[in-house]
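The values are calculated or read from the model by the stated rules, or taken from the named source; none is laboratory data. Computed from a prediction, not measured in an experiment: that's the story for all the values here. Every residue, glycine among them, receives a Cβ derived from its backbone with ideal geometry; neighbour counts consider all protein chains shown.
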Amino acid sequence: MNRPPLANELNLVLCHACGKACDTTAGPVHECPRCGAPVHERKPNSLTRTWAYLIAALVFYIPANLLPVMNTKMLGSADDSTIMSGVIEFWAHGAWDIASIIFIASIAVPATKFVALGLLLITVQRGSDWAQKERSKLYRFVELIGYWSMLDVIVVALVAALVKFQALGDIEPRPGILFFGLVVVFTMLAAMSFDPRMIWESPEPKERMDEVSSH
């Protein structure tokens, strides 16, 4: 089966800081010649660090959804709201757009990242060559949606500013928003720690390369 040559077969290592393909023909390259960033053939301890960050994010995800994220005081009455109760409340009051943003950013995006990163980690550890191209695209998708995960925190801040501006009441953050922020940070760290080049490292290509080198 014909396939494009791998980077290590061409003596190339990609710099993760600026994207330069560094030539290793003359020997190992430890720093990028263009930006000076450290260069690794594979990210050090990628699987271990990714698992650690992902598990930490899962642990923080539980209190992020169970604890209130904000306290709303309207006309003398105060009420604590969790993420899900806030979605329901905004939807019931006709603010379906804000409710949708909070649901997607706070429920759908973290859940998608947990499933996607877990799938990538398990398949890489098993040395699977299943759907390598699709898994690479999945990783790029996880990277893309990671930057939108803070929308919920931004929405809470905007709603609080709007309520105070209109002098209708007051909104204060609660511990749940802190845990949600930690979920966002750790899932982004997990995505950054994962080395997508490992997706293309399956046992079969390695075995074929060993056979060729032995001959």
Counting only residues in the range 78-105 that are touching a Ser or Thr at 6+ places or on another chain (Cβ under 9 Å) and of a type in the set (G, A, S), the one surrounded by the fewest Cβ atoms within 10 Å (Cβ to Cβ) is identified as A78
Cβ pairs under 7 Å, 6+ apart or interchain, first in the range 123-146 and over 10 Å from P196 (Cα atoms), second of a type in the set (S, T, Y) and part of a helix (DSSP H, G or I), ordered by first then second residue, are W130/T123; I145/T112; G146/T187
Conditions (1) out of contact with any Gly (no Cβ under 6 Å at 6 or more places or on another chain); (2) under 22 Å from E143 (Cβ atoms) -> T25 fails only (2)
By residue number, the members of the range 180-203 that are within 8 Å of the chain's Cα centre (by Cα) and within 18 Å of T123 (Cα to Cα) are A190, A191, M192
Residue hits (the range 29-51; modelled with pLDDT under 85 and under 13 Å from A191 (Cβ atoms)) are K43
- prompt: Can L75 be described as hydrophobic (A, V, I, L, M, F, W, C), at pLDDT 85 or above and more than 30 Å from P196 (Cα to Cα)?
  reply: no
Only one of L66, L54 is surrounded by fewer than 13 Cβ atoms within 10 Å (Cβ to Cβ), touching a residue at least 40 places away in the same chain (Cβ under 8 Å) and within 25 Å of A190 (Cβ to Cβ), namely L66
